[in-house]
Amino acid sequence: MATTSENLVTGKSRNPVVFAWLALAAVIIALDLWTKHLAVQSLEMFRPVEVFSWLNLTLAHNTGAAFSLLAQAGGWQRWLFTGLAAVISVVLLVWLFRLQRGEWRVGLALGLVLGGAIGNLVDRIRLGYVVDFIDVHAGGWHWPAFNIADSAITCGIILLLWDALVTRKD
């Protein structure tokens, strides 16, 4: 039986559906980078464009992590979050290749998180910040701006939690 590292090198997997989850991650990456490109080309920084009464498109640059954590840290956080995203992406890849047949919810979740992590990683490496542009608001309260990658990560984490807490019999 091949080891995990051999599986990663040879492309052999115990779960042939793993390539569907990698394709999902690739679609998330492409969609994320494309929509960020459109936002940068079409929007002015911090100038909201109303889409619905509860949704604006507002270009913002996030040098921090979720909810702009450490955004004002002075620059070192770029490399911390870049390294962290790279390590997490590798861990997610290994996890994907170790999935057993039938673990489709975990595969779906990992594909979403991996795609989102790499989408934001590309921004951090290329630009030094993550491009955000989706601005949800209600009653004068605004959720922090986010992007497609953030949405995919959030959906993937929720699905992982659902799988771990609700659907697992073990």
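The values are calculated or read from the model by the stated rules, or taken from the named source; none is laboratory data. Values in this document were obtained by computation on a predicted structure and should not be read as measured data. Neighbour counts are summed over all protein chains in view; Cβ atoms, including those assigned to glycine, are modelled from backbone coordinates with ideal geometry.
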Near pairs, Cβ below 6 angstrom, 6+ apart or cross-chain, from the stretch 131-152 (in contact (Cβ under 8 Å) with a residue 60 or more places away in the chain and of a type in the set (S, T, N, Q)) to any residue that is assigned to a strand (DSSP E or B) and crowded, with 16+ Cβ neighbours inside 10 Å: N147/D132
Residue satisfying all of: in the stretch 132-145; aromatic (F, W, Y) and modelled with pLDDT under 95; nearest to the chain's Cα centre (by Cα) among these: W143
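Determine if the stretch 29-41 includes at least one residue that is at pLDDT below 95 and in a helix (DSSP H, G or I). Walk me through it before giving the result.
Restricting attention to the stretch 29-41, the residues satisfying the condition of being at pLDDT below 95 are none.
Looking through the stretch 29-41, none of the residues is at pLDDT below 95 and in a helix (DSSP H, G or I).
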Any hit, the stretch 68-80, residues being at pLDDT 65 or above and out of contact with any Phe, Trp or Tyr (no Cβ under 9 Å at 6 or more places or on another chain): yes
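Residue-by-condition table, conditions (1) modelled with pLDDT under 95; (2) at negative phi; (3) not acidic (D, E):
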| site | (1), (2), (3) |
| --- | --- |
| V113 | no, yes, yes |
| R124 | yes, yes, yes |
| V130 | yes, yes, yes |
| C155 | no, yes, yes |
| D163 | yes, yes, no |
| K169 | yes, yes, yes |
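For the structure I just gave you, tell me whether N7 is at pLDDT below 80, in a helix (DSSP H, G or I) and touching a helix residue (DSSP H, G or I) at 6+ places or on another chain (Cβ under 9 Å). First the steps, then the outcome.
Working: at pLDDT below 80: yes; in a helix (DSSP H, G or I): yes; touching a helix residue (DSSP H, G or I) at 6+ places or on another chain (Cβ under 9 Å): yes.
Taking the combined requirement at face value, the residue satisfies it.
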Cβ-Cβ under 7 Å pairs, at least 6 apart or on other chains, the stretch 84-102 side more than 19 Å from A23 (Cβ to Cβ), far side part of a helix (DSSP H, G or I) and of a type in the set (D, E, K, R): A85/R124
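If I filter the stretch 93-139 down to residues being assigned to a helix (DSSP H, G or I) and of a type in the set (G, A, S), which single residue comes out as surrounded by the fewest Cβ atoms within 10 Å (Cβ to Cβ)? Break it down into steps so the answer makes sense when it comes.
Of the stretch 93-139, the ones assigned to a helix (DSSP H, G or I) are 93-98, 104-127.
Narrowing the set further to residues that are of a type in the set (G, A, S) leaves 107, 109, 111, 115-117, 119.
Numbers: G107: 22, A109: 25, G111: 25, G115: 29, G116: 26, A117: 25, G119: 27.
That would be G107.
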